[in-house]
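The block underneath contains the structure these notes are about, expressed in structure tokens.
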Amino acid sequence: MTDAVDKVLAQWRRERPDVDVWPMGIVGRIARVHRLLDRELKEFFAGHGLETWEFDMLATLRRSGAPYELTAGALNRAMMVTTGAITNRIDRMAAKGLVERVPDGVDRRSVRVRLTERGLETIDELVAPHVANEARLLAALDPQERDQLVHALRRLLESLGDTSLV
């Protein structure tokens, strides 16, 4: 079985036989998978009135545990965006009634972002269908292939310095 990346690799091998292009095969496939998954997820979330980043914020707050809140800084680190971007995102989510800002009980200079009742209902209603959608997207892999992929991707992420935890 061949794919579009195989064609690209064959062209490079023909044009530059002096360069071992094997890394392009892996990076190219990861990039193509990312684009395809991103498109599918955007379509799924749009069908539920959300953008991907909105689901990410709701999910990050939900899995933090009751009372489903984090500091803006913790959200910023979890979502890997700039401080300005996280402020804008919080504003947009608050305008939709999905999150609210609450004063930090310990540090008066800090604000916590908390799921509203509507935000909690939204994420709780969406998690199971989202997981089912992701399972559909990964259905081509058998359990052993999934385990191997998880292991390989985890090692690659660690080697690239992605060790951040929320």
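The values are calculated or read from the model by the stated rules, or taken from the named source; none is laboratory data. What you see is a predicted model; the values in this text were computed from it and never measured. Heads up, the Cβs are rebuilt from the backbone with ideal geometry, glycines too, and the neighbour counts pull from every protein chain shown. Ligands, DNA and RNA are excluded from the accessible area calculation, which covers all protein heavy atoms including side chains. Shrake-Rupley method; radii C 1.70, N 1.55, O 1.52, S 1.80 Å.
For region 105-113, putting each phi into the Karplus relation 6.51 cos²θ - 1.76 cosθ + 1.60 with θ = phi - 60° gives couplings of x, 9, 10, 5, 7, 9, 10, 9, 10 Hz, in residue order, rounded to whole numbers and with x for Gly and Pro.
A simple rule links phi to the HN-Hα coupling: the Karplus curve 6.51 cos²θ - 1.76 cosθ + 1.60 with θ = phi - 60°, which for region 17-25 gives x, 7, 10, 7, 8, 3, x, 4, x Hz, with x for Gly and Pro. About its Cα centre, the dipole of region 58-155 is roughly 420 debye, where the only charges are +1 on Lys and Arg Cβ and -1 on Asp and Glu Cβ.
Plainly put, region 1-82 has a radius of gyration that is 1.22 times its Kirkwood radius, both from alpha-carbon atoms, as the Rg/Rh ratio. Using heavy atoms of the protein chains and a probe of 1.4 Å, the accessible area assigned to residue 42 is about 110 Å².
With the whole protein complex present, residue 34 retains an accessible surface near 120 Å², based on a 1.4 Å probe. Shown are 24, 1, whose ranking by accessible area with a 1.4 Å probe and every protein chain present, most to least, is 1, 24.
Relative to one another, the C-alpha centroids of region 2-51 and region 119-147 are positioned 22 Å apart. Only protein heavy atoms count here; on that basis, with a 1.4 Å probe, residue 146 has an accessible area of about 100 Å². Heavy atoms of the protein chains alone define the surface here; on that basis the chain has 70 Å² accessible area per residue at 1.4 Å probe size. Note: relative contact order over the chain, using C-alpha pairs below 8 Å and six or more positions apart, is 17 percent.
By accessible area, using a 1.4 Å probe on protein heavy atoms only, region 33-91 has 55% of its surface on carbon and sulfur.
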